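Here is the structure we will look at.
The values are calculated or read from the model by the stated rules, or taken from the named source; none is laboratory data. Since this is a predicted model, take the numbers as computed values, not measurements. Heads up, the Cβs are rebuilt from the backbone with ideal geometry, glycines too, and the neighbour counts pull from every protein chain shown.
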Amino acid sequence: MQKSIERIVGDSEGVSYEFPVFRFEGTDKAASSAYLQAALHAGELPGVVAIDALMPMLEKAEAEGRTKGNITIVPQANPIGRAQYHFGEHQGRFHLGTRTNFNRGFPLLAAPDVKLLPDTTLGTADQRLKSRLLQLSIGHDIVLDLHCDDEGLAYLYVHTSLWPAMADCAAAMGVDAVILWNEDTDGTFEGASITPYLKVPAEVARFDRRVATTVEYRGILDVDGALAGADAEGLYRLLVARGVVLDQALSTSGSFTGIVAPLENIDMMPAPRAGAVLYDVKPGDRVAKGALLATIVHAPGEAGGRTQLFAPQAGIILTRRSRRIIRAGEDLLKLVGDSKSADARSGTLED
Ligand SMILES: [Zn+2]
C-alpha cells in the first residue's frame, strides 16, 4: 500500500489544503478496480470510520497476495470543508467562499477521459478539489462515494443503467434501500462518475461490471464502532463479490431483499409551519396513507397551536431530521412511497 499526499491550492496567499490517498496495487490487470472516498460533505463521518475499519482488512489481503484489482482510497475527501467553522459550528456541506454544495458542480464529462477535465487554474479552490477527486476516480470500475443523511436508514443512490446489475453490491453492503435515479444536471460526484459512461459504446461502458453509487450510511450521529465494523465488512464483501479482492473463505451474500424505488416515489414532506417537531415516525417505519407523521408545535400553550402532518401515500420512512427545530418549508422527512409522488420537487438527487 502506498500513501501519497494531494495538495489543493487555496484562494488566498499562504493557504493550501492537503489530503492523503492510499493505493493498493492489484496483481491482475484484468480484475475490476475500485475507488472509495468519504466525507465529501466534510461533516459526514460514518464512511470515514468505516474506511478506517476496512484498511486493516485490505492490508491483510495485500500481505497474503489476494489483492487482484487496483484500489484507491480517499478517507477524507474534503479538507476545505473540514476546515470551515462559522461561529463555532462546523459547515462541511457548502463551500463558504462560493455557497456551492461540495457535492454539486462536478464536471459532467462527455467521455471517461481525464483529458476532458476543465482547467481549474483560474477557478476556485472547491473547483480544483472537485476536478482532482474526479481525476483520481476516473478509470476505476467501482466508485463509491460515502455519505450519510440526517437520521436515516442505510441506502444507496444508483443510476437506472446499473440496476439490477448492482443488486449484488446492495446485498453485500447490507443496505436497507436503493433509490434509482435517471438524470443529474447538477453534477453530483456520483453523476459525474456515471454520466461519461452513458455517452460511450456499451463495450466501453461495461455496465455489467461498473459500480457508481452514493452510499448513505444512516444518520450524521451514527458514527459508531460496531456500525463502522459492519460497514467495513459490507464494503469488503462488495470488493470480493466484484473480484477486486480474493477471499474464498467468504460466503456469498445472497440476493438483495431491501426496498428498491425510483426517486420519483420520494415525498420530501416540507413543514407547513415553523416550530418544534414531534415525530410520530422514525426511519424504517412502514406507514399507511393518512398516517400521522409529525406534529409541529408552533404556538405553545395556545388553542390550535399544533399542526399535524399526514402521509400523502403509503410507504417507508427513509430519513428524518436530526434537529427538532424547523422553519416553514424545510423538509421534515423523506417518505419512499409505494407510487410516484404528487410533489413536483421529487425526482432530484438529495444526497
Ligand atoms: Zn452528503
- Restricting to helices (runs of 4 or more DSSP H) lying wholly in the range 114-219: which have 3 or more residues that are in contact with an Asp or Glu (Cβ under 6 Å, 6 or more places away or on another chain)? 189-198
- For the range 130-152, what are the residues that are within 15 Å of the ligand (Cβ to nearest atom) and surrounded by fewer than 24 Cβ atoms within 10 Å (Cβ to Cβ)? His147, Asp150, Glu151
- If you check Leu250 against the conditions, is it within 20 Å of the chain's Cα centre (by Cα), among the aliphatic types (A, V, I, L, M) and away from the ligand (no atom under 16 Å from the Cβ)? no
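Rundown of residues vs (1) aliphatic (A, V, I, L, M); (2) within 21 Å of Leu144 (Cα to Cα); (3) crowded, with 19+ Cβ neighbours inside 10 Å; (4) away from the ligand (no atom under 16 Å from the Cβ), yes/no style:
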{"position": "Ala205", "(1), (2), (3), (4)": "yes, yes, no, yes"}
{"position": "Arg218", "(1), (2), (3), (4)": "no, yes, yes, no"}
{"position": "Leu221", "(1), (2), (3), (4)": "yes, yes, no, no"}
{"position": "Ile296", "(1), (2), (3), (4)": "yes, no, yes, yes"}
- Could you list, in sequence order, the residues of the range 46-56 that are crowded, with 17+ Cβ neighbours inside 10 Å and more than 16 Å from the ligand (Cβ to nearest atom)? Ala53, Leu54
- Message: Could you check the range 153-196 and list, in sequence order, the residues that are more than 26 Å from Leu221 (Cα to Cα), buried (at least 23 other Cβ atoms within 10 Å of the Cβ) and without any contact (Cβ under 8 Å) to a residue 60 or more places away in the chain?
- Response: His159, Met166, Ser193, Ile194
- Task: Kindly provide the set of residues from the range 84-103 that are part of a loop (DSSP other than H, G, I, E, B), within 10 Å of Asp126 (Cβ to Cβ) and under 15 Å from the mean Cα position of the chain (by Cα), ordered by number.
- Result: Phe102
- Would it be correct to say that Gly43 is part of a helix (DSSP H, G or I), within 16 Å of the ligand (Cβ to nearest atom) and either on the phi < 0 side of the Ramachandran plot or surrounded by 22 or more Cβ atoms within 10 Å (Cβ to Cβ) (or both)? no
- Criterion: over 17 Å from the mean Cα position of the chain (by Cα), closer than 20 Å to Pro107 by Cβ and at pLDDT 95 or above - qualifying residue of Pro164, Pro196: Pro196
- Item | Pair list, Cβ under 7 Å, 6 or more apart: the range 108-126 residue touching a residue at least 60 places away in the same chain (Cβ under 8 Å) and over 22 Å from Gly81 (Cα atoms), other residue of a type in the set (Phe, Trp, Tyr) and surrounded by 13 or more Cβ atoms within 10 Å (Cβ to Cβ) | Pro112/Tyr197
- Does the range 104-112 contain at least one residue that is surrounded by fewer than 21 Cβ atoms within 10 Å (Cβ to Cβ), closer than 24 Å to Ser32 by Cβ, among the small types (Gly, Ala, Ser) and away from the ligand (no atom under 16 Å from the Cβ)? yes
